[in-house]
Amino acid sequence: MGHRGRIVEVLHRAETGPIMDEEKFERELVAPTVKELVKKYDLKFDDKLIVNSDDELADRIFQAGLDLAETTGMFCQSTSRRIVWTRKELLEGLRHCPSEVVMGAGADAVTARARVPDDDQRVIVGGGAYGVPVPEHMYIPMSLSYLKEGVIDVIDNPSLESVYGYPVKAASPWEVLAARREAELALQAANIAGRPGICLGCVELSATALGGLAGVSYGGYRTTDWLHAPIMSELKTNYEMLSIVTHSVRTGTLLEAYYNPIYGGYVGGAEGVAVAVVGGLILLNQCHPGHTYNTRPNHPFFNCDTTPELIWAIALGVQGLTRNTNLLVDTLVGPAGGPGTKTMLYENAAFVAATTVSGQSLMTSCHSSSGGSNPRHASGLDSKICGEVTHAVRGMKRDEVNEIVKQIIPLYVDDLDKKPIGKPFEEVYDIDKVEPTPEWQGMYDEVREELIKLGLPLDRLV
């Protein structure tokens, strides 16, 4: 069955699959299955090997994730049915997934390609405020702070706090209006920066499919931009998200599907998160057939994915997928720290180094200040550090990067529970010039030099 042509079958199975209560799906199917698989495949977090270099372990985590996908399927909240697939169907779906995709248009287009661990092939760098709420007057300056950084290949956008002075209400005409306004401002910023064809993530503010589809209709975002369609934790979709997927399939619009397991929840600890990353992205490929597949597991207390346990789990999950499939795997770094803090810069460097050498095709950055929930807390330098580290570690070996990451983690790990959210955009950038303040630029340069001394070859980029 063709990759994108599978959507009709997905919708059919969402209507005819086994009926199950949502709570039972999580408590009586997902949770015990993950626990069993962790034991079956002898998975154990090792704080000495944050970046795994054991290929046999990576292959075991892939098999565990495949077992999870086959056993649970995906739950559709809109029909209370499981969308289930045989192992043969899941493997067939993986064989037909795209191994490369062009993102953007014209001179601004870039091509993401499947990679493997220790690969020296180029990684596509995504940067942006990723849904951080901003007022309308600040939307373009904040976007330009990312667009001005040449290391960033694709852009993901902030969200509007209001539209023409009015609050944005989900599933209402205000959501449609705000989605259209977001597209106008994002495209305007790209034109101002001289990068009109750059791939833009969309629609950031859409709480429902209403805004998501309005933003990509005539005159809005383009088919070469990047629609987003997540599944909910754990392993759940609904008709809102499937409507966006169906639109993407029928219009040929680029699609990023993503899944964010919750550490300590139904999937358990680091080992369970790693299994869920693999199983979740396999199910995404099957049920939300897109082009790129992202994961951003979340720590329930720190609201980040940069703890040692989560970096281990994500990097291992990425390795399992990139060694055994051609999925275009993408990760989103979500630091606890925010702009104007060294904490965030260290977090981003450690996470990106680990996931890049694990074989990801794209690196997206960053969900700063504890999951992007703090209004205006985002800036271009947040993503620049990620892009520089990504290119610096390409081609390095996992065991080599593991030693560097183990040195970086102690520089920030004790700050994660202190909510180091940093400062809003207007306090770390000159809004008129769209340039970092001397203080923020100086902090960036200082951390960059520290990272070079720890072994990250950022100096070879100069």
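The values are calculated or read from the model by the stated rules, or taken from the named source; none is laboratory data. Quick caveat: nothing in here was measured; it's all calculated off a predicted structure. Neighbour counts are summed over all protein chains in view; Cβ atoms, including those assigned to glycine, are modelled from backbone coordinates with ideal geometry.
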Checked PHE75, PHE45, PHE62 against criteria (under 20 Å from VAL275 (Cα atoms), aromatic (Phe, Trp, Tyr), in contact (Cβ under 8 Å) with a residue 24 or more places away in the chain and in contact with a Lys or Arg (Cβ under 6 Å, 6 or more places away or on another chain)); the one match is PHE75
Here the residues within the stretch 291-335 that are out of contact with any His (no Cβ under 8 Å at 6 or more places or on another chain), charged (D, E, K, R) and buried (at least 24 other Cβ atoms within 10 Å of the Cβ) are ASP330
So, first residue among the charged types (D, E, K, R) in the stretch 337-348, second residue not in a helix (DSSP H, G or I), Cβ within less than 8 Å, six or more apart or across chains; the pairs are LYS342/TYR412; GLU347/CYS304; GLU347/THR306; GLU347/VAL333; GLU347/PRO335; GLU347/ALA336; GLU347/GLY337; GLU347/TYR412
Considering only helices (runs of 4 or more DSSP H) wholly within the stretch 288-377, the ones with at least 3 residues that are modelled with pLDDT of 95 or more and more than 27 Å from ASP67 (Cα to Cα) are 342-356
Across the stretch 186-214, the tally of residues that are assigned to a loop (DSSP other than H, G, I, E, B), at pLDDT 95 or above and among the small types (Gly, Ala, Ser) stands at 3
The number of residues in the stretch 298-336 that are of a type outside the set (A, V, I, L, M) and closer than 20 Å to ARG60 by Cα is 10
Residue pairs within 6 Å by beta carbon, gap of at least six or interchain, first lying in the stretch 160-180 and in a strand (DSSP E or B), second buried (at least 17 other Cβ atoms within 10 Å of the Cβ), listed first then second, are LEU160/ALA178; LEU160/GLU182; LEU160/LEU205; VAL163/LEU177; VAL163/ALA178; VAL163/ARG181
- Item | Condition check for THR208: surrounded by fewer than 22 Cβ atoms within 10 Å (Cβ to Cβ), touching a Leu at 6+ places or on another chain (Cβ under 7 Å) and in contact (Cβ under 8 Å) with a residue 12 or more places away in the chain | no
Counting only residues that are surrounded by 13 or more Cβ atoms within 10 Å (Cβ to Cβ), outside any helix (DSSP H, G or I) and not acidic (Asp, Glu), the stretch 43-58 contains a total of 7
Residue pairs within 6 Å by beta carbon, gap of at least six or interchain, first lying in the stretch 125-140 and within 24 Å of SER361 (Cα to Cα), second of a type in the set (Val, Ile, Thr), listed first then second, are VAL125/VAL151; VAL125/ILE152; VAL125/THR390; GLY126/VAL154; GLY126/THR364; GLY127/ILE152; GLY128/ILE155
Residue set ASP415, ASP445; condition free of Cβ contacts under 8 Å to residues at least 40 places away in the same chain, part of a helix (DSSP H, G or I) and charged (D, E, K, R); output residue ASP445
Within the stretch 69-82, is even one residue crowded, with 20+ Cβ neighbours inside 10 Å and part of a loop (DSSP other than H, G, I, E, B)?
-> yes
Among ILE152, ILE61, the single one that is closer than 24 Å to THR331 by Cβ, in a loop (DSSP other than H, G, I, E, B) and modelled with pLDDT of 95 or more is ILE152
Residue hits (the stretch 306-332; over 10 Å from SER358 (Cβ atoms) and out of contact with any helix residue (DSSP H, G or I) (no Cβ under 6 Å at 6 or more places or on another chain)) are THR307, LEU310, ASN326, LEU328, ASP330, LEU332
Taking the stretch 32-42 and keeping only residues that are assigned to a helix (DSSP H, G or I) and in contact (Cβ under 8 Å) with a residue 12 or more places away in the chain, one is left with THR33, VAL34, LYS35, LEU37, VAL38, LYS40
When (1) more than 17 Å from LEU310 (Cα to Cα); (2) crowded, with 24+ Cβ neighbours inside 10 Å; (3) out of contact with any helix residue (DSSP H, G or I) (no Cβ under 8 Å at 6 or more places or on another chain) are applied to GLY338, the one that fails is (3)
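The rows are residues; the columns are (1) among the small types (Gly, Ala, Ser); (2) within 22 Å of ALA392 (Cα to Cα); (3) surrounded by fewer than 20 Cβ atoms within 10 Å (Cβ to Cβ).
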position	(1), (2), (3)
ALA112	yes, yes, no
MET142	no, no, no
TYR146	no, yes, no
VAL151	no, yes, yes
Of the residues in the stretch 219-270, those that are β-branched (Val, Ile, Thr), buried (at least 18 other Cβ atoms within 10 Å of the Cβ) and not in a strand (DSSP E or B) number 7
Filter the stretch 448-462 for residues that are among the aliphatic types (A, V, I, L, M) and touching a residue at least 12 places away in the same chain (Cβ under 8 Å); the one that is surrounded by the fewest Cβ atoms within 10 Å (Cβ to Cβ) is LEU461
